[in-house]
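Following: one structure in structure tokens, then a few remarks.
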Amino acid sequence: YQQEGIRFLFNHARAHQSAVLNDDMGLGKTVQCIGLCLALLNKSGTRADLVKVKRRIAARKAAQELSSLSTPETFPSKTILILAPKAVVSQWAKEFQVWGFFDVQLLEDAKSRAGLIHACAGPEPGQPEIVLARHSVLNNPDLMTVLAGIQFQLVIFDEAHCFKNAKASSTVSA
């Protein structure tokens, strides 16, 4: 069942089409999305992924030490953005640790914002694979400016029903 869901999501992502995964609680929507991330990021599911993640983080640290404070207008990126309610962001981070070796960066405050700008502005090996953020970043003009300048490979909205009011500021931002 979950493999079928991953295939469904993968086929839509590769065709640059939107998709909605609308299952009951406890049927593995988070795991299916992580499976999609594994596929899109060409993960092997082995410890070899850990070596690659460590190289990415090292490349990002080196780039941050050498970079200037100037910010490019757009950032080409293979990064996947996941927006989730505050209550489940930490659970997403834990699930990524359980199901694979990922370079996950939390976007929560000015410090993480600066780190994200430098990471996504640098060469691809230093970019985070996953950016995890709360829905509330959509109501923060400073963080939205950062997100708007990044060309994410994919955006996942967890608990998308929170965006059903078409006139709400977070829905408009999304």
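Assorted remarks:
- FRET efficiency estimate (nearest 0.05) - Cβ-Cβ, VAL98 to ARG7, R0 25 angstrom: 0.70
- Residue pairs exceeding 24 angstrom between C-alpha atoms, taken from LYS29/LYS54; LYS29/LYS61; LYS52/LYS86; LYS43/LYS78: LYS29/LYS54; LYS29/LYS61; LYS52/LYS86.
- Residues THR79, THR30, THR145 ordered from highest to lowest accessible area at a 1.4 Å probe: THR145, THR30, THR79.
- Cα-based shape type of the stretch 1-47, given that a ≥ b ≥ c are square roots of the gyration tensor eigenvalues and the cut on a/c is 1.5: oblate
The values are calculated or read from the model by the stated rules, or taken from the named source; none is laboratory data. All values reported here derive from a predicted model rather than from experimental measurement. Cβ atoms come from the backbone with ideal geometry, glycine included; neighbour counts cover every protein chain shown. Calculation scope for accessible area: heavy atoms of the full protein, side chains included, ligands and nucleic acids excluded. Shrake-Rupley method; radii C 1.70, N 1.55, O 1.52, S 1.80 Å.
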